[in-house]
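Read the structure below first, then the notes.
No value in this document is a laboratory result; all are computed from the given coordinates. The structure presented is a predicted model; accordingly, all values stated were derived computationally and were not measured. As a convention, Cβ positions derive from the backbone with ideal geometry for all residues, glycine included, and neighbour counts pool all protein chains shown.
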Amino acid sequence: MELSQLQKDIVELKNQKDVTILAHYYQELGIQEIADHLGDSLGLSRIAKEKAKTKYIIFAGVLFMAETASILNQDKKILIPSLEACCPLANFLNRDIVNQYRKEYPELPVITYVNSTAEVKAESDICCTSSNSVNIVKKISKEFGVDQVLFGPDKNLAEYVEERTEINVIKIPGKGHCYVHSHLSIDDIQGVKEDHPSAQVLVHPECEKNVRDFADYIGSTAGIYSFVEEHHIDQKEFIIGTEKGLLERLTVDFPRNNFYLASDGLICEDMKKNKLETMRMLLKDLDNNRYEVKVPEDIAEKAYIPIEKMLKFSS
Ligand code: SF4
């Protein structure tokens with residue numbers, strides 16, 4: 001892989017300074033190529049806590065991910081290449097909504113998907129990701145001795161969990177969804193399958209139920225990557241029902257296989273707001289606070305508990 005001059009500048013600056021670059025799989029390929037660590041929400045949370053020993057962390061992802069890194073690393077400076085890279089799914093839930101449900105169901109645990117704001121995490125009993133959500137819901141409901149839980153903000157992930165447990169999953173709120181995954185329609189996916197009948201269909205649990213039911217495998221972003229890693233020798237073709245950045249990664253890492261995006265709409269415009277040019281600029285001026293993500297100490301202290309509990313439960 002030949003790096004561009006811009007990428008070389010970034011790597012050189014990074015090597016001169018005390019910086020770790022974390023990038024989500026949904027970042028453009030050029031950013032993925034210069035990252036120290038690449039992963040999905042759970043993987044990057046772990047790395048931010050356990051492996052990123054530098055003074056500065058540049059988080060190429062969306063705001064809630066950089067907030068999570070800040071919660072786990074209050075002593076470090078967390079920078080994001082675009083402060084406008086938000087996750088609209090996270091914005092479906094706020095502290096008031098959580099507290100409203102808590103009042104109505106005081107005996108039930110609140111589980112929040114990591115795709116949530118720091119203030120929402122601070123009001124939660126435990127966090128989860130798409131890869132550990134089923135286990136987390138089972139374990140926390142057992143700990144509380146209940147057969148129902150409050151879960152937000154993604155309604156499709158909530159349904160997915162409910163289908164795999166004996167637990168009634170109450171969605172908070174009822175309408176939270178990811179605009180990227182939930183817009184993947186059954187017609188889109190059936191159309192691609194008709195063109196490639198022997199391809200296996202891999203989708204994310206944030207997709208709608210009829211799409212999930214059509215899939216051969218449902219998993220988190222890292223789960224889909226691992227599935228391909230495990231099956232790429234016997235299986236030549238895969239239809240990818242998650243964000244395009246993962247398909248680009250898979251195409252590079254498994255050059256003998258064929259990957260088809262389930263829909264042209266599988267692009268998270270928010271993730272793509274991070275640019276290599278801004279990363280170079282950030283690296284030249286790391287003490288500029290304009291791109292810093294700092295969760296206030298009181299919120300970080302409270303939000304640390306449910307994240308830490310999730311990491312313990314899923315280790
Ligand atoms: S893909 Fe969906 S869940 Fe992920 S950051 Fe974009 S909007 Fe949020």
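Report the one residue of Cys207, Ser4, Asn289 whose Cα lies farthest in the direction of the positive end of the charge dipole of the chain (charges on C-beta: Lys and Arg +1, Asp and Glu -1; origin at the Cα centre). After comparing all options, I get Asn289.
Per-residue ellipticity at 222 nm computed for the chain from its helices equals -12500 deg cm²/dmol, with DSSP H segments shorter than 4 residues left out and the rest contributing -39,500 (n - 2.57). Look at where the Cα atoms of region 270-290 and of region 1-59 average out, and the two centres are 12 Å apart.
Listed by chain and number, the aspartates and glutamates whose C-alpha is less than 18 Å from the C-alpha of Lys139, apart from same-chain residues fewer than 8 away, are Glu107, Asp125, Asp147, Glu159, Glu162, Glu163, Glu166, Glu308. In plain terms, if you count all Cα to Cα distances in region 42-92 and split them into 10 Å steps from zero, the share in each step is 27, 56, 16, 1 percent. Each peptide in 89-95, 255-261 receives the mean, over its residues, of other Cβ atoms within 10 Å, and ordering these scores from highest gives 89-95, 255-261. One equal scatterer on each Cα of the chain, no solvent, Debye formula: the resulting log10 I(q)/I(0) at q = 0.08, 0.09, 0.13 Å⁻¹ is -0.35, -0.45, -0.94.
Using a Cα-Cα cut-off of under 18 Å, which aspartates and glutamates could be cross-linked to Lys55, ignoring same-chain neighbours fewer than 8 residues away? Partners found: Glu12, Asp18, Asp36, Glu67, Asp75, Asp285, Asp287, Glu292, Glu297. What you get for region 81-174, charging only the Cβ of Lys and Arg (+1) and of Asp and Glu (-1), is a dipole of about 120 debye around the Cα centre.
Can you give the charge dipole size of the chain about its Cα centre, rounded to the nearest 20 debye, using +1 on the beta carbon of Lys and Arg and -1 on the beta carbon of Asp and Glu? Don't jump to the answer; show the numbers that get you there.
Details: 38 positive and 51 negative charges, 177 e Å.
Computed charge dipole of the chain: roughly 840 debye.
Beyond 25 Å in Cα-Cα separation lie the following of the pairs Lys175/Lys312; Lys171/Lys244; Lys51/Lys244; Lys103/Lys302; Lys14/Lys275; Lys51/Lys121: Lys175/Lys312; Lys171/Lys244; Lys51/Lys244. Between the listed residues Gln190, Leu93, Leu261, the Cα displaced farthest toward the positive end of the dipole of the chain, a dipole computed from Cβ unit charges relative to the Cα centre, is found at Leu93.
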